[in-house]
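Could you have a look at this structure, given as structure tokens, before my questions?
The values are calculated or read from the model by the stated rules, or taken from the named source; none is laboratory data. Remember, predicted model here, so these are calculated numbers, not experimental data. Here the Cβ positions follow ideal geometry from the backbone for every residue, glycine too, while neighbour counts run over all protein chains shown. Accessible surface areas use protein heavy atoms only, side chains included; no ligands, DNA or RNA. Shrake-Rupley method; radii C 1.70, N 1.55, O 1.52, S 1.80 Å.
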Amino acid sequence: MTTTKGFQQRLTDGDVIIVAEGYLFEFERRGLLKAGAFVPEVVLEKPNLVRELHEEFVRSGSDVVLAFTYYGHREKLRVIGREQDLEALNINALKIAREVANNTNTLMAGNISNSTIYERNNQDSIQQTEAMFKEQIEWAVQEKADFIVAETFNELGEAMLALQCIQKYGNGLPSVVTMSPKASDRTFDGVSFGDACKQLEDAGANVVGLNCGRGPATMMPLLREIRQVCKGPIAAVPVPYRTTDKEPNFQALTDPDTGKQDFPLDLPAHTCSRSQIRHWAEEVKQLGVQYVGLCCGNASHYLREVAEVYGRKPVASKYAPDMTQHYTFGNRANNKTYYTEGLKMSITSK
């Protein structure tokens with residue numbers, strides 16, 4: 001099965017594109033990926049599970065099957081001693097994503113990310129970064145990606161290099177280029193996120209915006225700034241954690257009892273509620289965000305909330321909560337008062 005409407009046509013028509021990210025954290029949670037290196041080895045070791053997670057996210061409302069090549073680049077594989085598996089990992093991930101996209105009438109995206117070696121004003125590192133981008137982009141073209149996501153950049157310089165590489169090696173594929181805000185409201189090379197996104201938009205990126213780094217609450221002010229200066233589609237893909245003005249990015253979150261850093265192992269203590277995700281989705285919908293999703297920490301029940309706010313009824317909506325059916329907290333007319341009054345009182349009162 002092929003998609004009936006392409007990526008660029010959807011943007012032109014004003015359609016909203018919902019995207020599921022967060023594969024790294026989800027597979028780490030399942031014990032299939034190592035925190036620290038965060039390399040998607042699961043693509044080679046348990047490919048069927050990658051396919052199943054793609055399908056799960058589509059059932060929950062994702063319009064995009066994002067090939068799991070995030071941090072699947074040459075430098076990351078070198079760190080864990082598996083550089084010889086670079087091409088196999090990328091090709092396998094792209095083929096799995098293409099298969100699922102074909103079977104579900106969704107879009108398939110190639111994926112490149114921050115290189116972890118880029119240094120501004122260092123030509124050797126810039127050339128190495130370009131070479132890494134080039135090979136991943138060319139593999140994405142070979143495996144018939146519909147567009148390419150370039151994401152999680154701390155510096156405008158690296159994001160701009162990624163965009164230039166997509167334009168140079170991507171055979172005309174559209175691009176989504178997103179920056180990752182940390183504690184500062186400026187990029188690591190000192191540019192406001194609004195200005196950075198405007199420069200990327202002016203340089204030809206089809207969608208610009210933010211992903212990762214910040215949770216919904218602390219990403220919103222930056223998204224409003226970007227919306228004011230960018231005329232085209234913008235992206236909003238936060239992490240689903242309760243970041244605050246004091247700790248605006250999820251790497252900065254600390255344990256309230258010990259004061260120790262909770263990234264990455266103890267982040268579950270800071271997860272957003274579904275209601276918070278729904279409220280955020282309503283905010284970005286009102287803001288006119290056209291490319292929306294969730295990043296590290298994402299799960300299918302969160303994505304379903306986003307999809308439903310945007311008027312979708314994905315397959316997973318069949319199992320959306322209905323507490324009227326609960327034997328204690330549900331409809332009193334259909335349940336025994338022994339539970340709806342007696343047991344409920346023992347739960348809610350001391």
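Run through the DSSP bridge list for the chain and note the antiparallel percent, rounded to the nearest 5. Present the calculation step by step, with values, prior to reporting the outcome.
Numbers: 4 of 31 bridges.
The antiparallel fraction comes to roughly 15 percent.
Still on this structure, please answer the following. Provide the per residue accessible area, probe 1.4 Å, for region 225-350, rounded to a whole number of square angstrom.
That works out to 58 Å² for each residue.
So for each of 101-108, 122-129 I average, over its residues, the number of other beta carbons within 10 Å; can you give me the resulting order with the highest mean first?
101-108, 122-129
Using just the alpha carbons, could you tell me how many Å³ per residue the convex hull of region 78-180 encloses?
Expressed per residue, the convex hull around the Cα atoms of region 78-180 is 101 Å³.
Sticking with the crude label model, points 7 Å out along Cα→Cβ, report the distance from Lys144 to Gln8 in nm, one decimal please.
Placing both labels 7 Å beyond Cα along the Cβ direction yields 1.9 nm.
Next up: Solvent-accessible area of Thr152, probe 1.4 Å, all protein chains present, reported in Å² to the nearest ten, please.
Solvent-accessible area, nearest 10 Å²: 10 Å².
Let me ask something additional. Given N residues in region 98-142, what is its alpha carbon radius of gyration divided by 2.2 N^0.38 Å? Present the calculation step by step, with values, prior to reporting the outcome.
Details: Rg = 14.5 Å, N = 45, 2.2 N^0.38 = 9.3 Å.
Against the compact-globule rule of thumb, the ratio is 1.55.
Quote the accessible area belonging to Asp195 in square angstrom, nearest 10, computed with a 1.4 Å probe and with ligands, DNA and RNA left uncounted.
Result for Asp195: roughly 70 Å² accessible.
What's the FRET efficiency of Asp185 with Thr324 using the Cβ-Cβ distance as r and R₀ = 35 Å, to the nearest 0.05? Intermediate values should be presented prior to the final figure.
Numbers: r = 44 Å, r/R0 = 1.26.
That gives a FRET efficiency of 0.20.
While we're here: How big, on average over all directions, is the shadow cast by the Cα convex hull of region 110-258, in nm²?
9.3 nm²
Further question: What fraction of the Cα pairs in region 1-52, stated in percent, has a spacing above 17 angstrom?
52 percent
Hey, rough spin-label estimate for Gln228 and His279, points 7 angstrom out along Cα→Cβ, what's it come to in nanometres?
2.3 nm
Mind pulling the angle between the C-alpha long axis of helix 216-229 and the longest principal axis of the chain? Nearest 10 degrees, somewhere in 0 to 90.
Helix 216-229 sits roughly 50 degrees off the main axis of the chain.
A further question follows. Cα gyration tensor of region 1-105, axes a ≥ b ≥ c as square roots of the eigenvalues: rounded (a/c below 1.5), prolate (a/b > b/c) or oblate?
Cα axes put region 1-105 in the prolate bin.
In degrees from 0 to 90, rounded to the nearest 10, what is the angle of the helix 193-202 Cα long axis to the longest principal axis of the chain?
50 degrees
So what are the ³J(HN,Hα) numbers for region 57-74, from phi and the Karplus equation (6.51, -1.76, 1.60; θ = phi - 60°), rounded to whole Hz, Gly and Pro as x?
Here the 3J(HN,Hα) series is 5, 5, 4, 8, x, 6, 8, 10, 9, 8, 4, 7, 10, 4, 6, x, 9, 4 Hz.
Looking at region 232-272, I'd like the Rg to Rh ratio, where Rg is from alpha-carbon atoms and Rh is Kirkwood's inverse mean 1/r.
Numbers: Rg = 11.9 Å, Rh = 11.0 Å.
So for region 232-272, dividing Rg by the Kirkwood Rh gives 1.08.
Over all alpha-carbon pairs in region 195-302, figure out the percentage whose distance exceeds 20 Å.
40 percent
Let me ask you something else. R0 = 30 Å: FRET efficiency of Asp245 with Arg312, Cβ-based, nearest 0.05?
After rounding, the FRET efficiency stands at 0.40.
Output the 0 to 90 degree angle, nearest 10, between the alpha-carbon long axis of helix 156-169 and the longest principal axis computed from the alpha carbons of the chain.
Rounded to the nearest ten degrees, it is 70.
May I pose another question? Report the net charge of residues surrounding Leu77, where surrounding means a beta-carbon distance below 11 angstrom and charges are Lys +1, Arg +1, Asp -1, Glu -1.
Counting the neighbours of Leu77, the net charge comes to -1.
Report the accessible area of Met160, computed with a 1.4 Å probe over the heavy atoms of all protein chains in place, in Å² rounded to the nearest 10.
40 Å²
In the chain, if every C-alpha pair distance is counted and binned at 10 Å from zero, what percent goes to each bin?
5, 25, 34, 23, 7, 4, 1, 0
Can you tell me the length gained on complete extension of the stretch Ile347 to Thr254, counting 0.36 nm per residue apart and subtracting the Cα distance?
Net length gain for the segment: 30.4 nm.
Sticking with this structure for a sec: Divide by every residue of the chain the summed helix terms, -39500 (n - 2.57) for each DSSP H run of at least 4, and state the resulting mean residue ellipticity at 222 nm, rounded to the nearest 500 deg cm²/dmol.
Result for the chain, helices only: -12500 deg cm²/dmol.
Sticking with this one: Using only the Cα atoms of region 283-350, what do you get for the radius of gyration and for Dmax, in Å?
Reported Rg and Dmax, both Å: 17.6, 49.
Straight distance only, please: which lysines reach the Cα of Lys182 with their own Cα at less than 22 Å, same-chain residues fewer than 8 apart left out?
By straight Cα distance, Lys182 reaches Lys76, Lys198, Lys246, Lys260.
Quick one: with all protein chains in place, what share of the accessible area of region 63-219 is carbon or sulfur, to the nearest percent (1.4 Å probe)?
43 percent
Tell me, in nm to one decimal, what length is gained between Asp15 and Glu83 on full extension, where the rule is 0.36 nm per residue of separation less the Cα-Cα distance?
20.6 nm
Which net charge results for the neighbourhood of Leu343, defined as the other residues with beta-carbon distances under 13 angstrom from its beta-carbon, given Lys and Arg at +1 and Asp and Glu at -1? Write down the numbers at each step before the final one.
On the way: positive: Arg332, Lys336, Lys344; negative: Glu341.
Overall, the nearby charge balance is +2.
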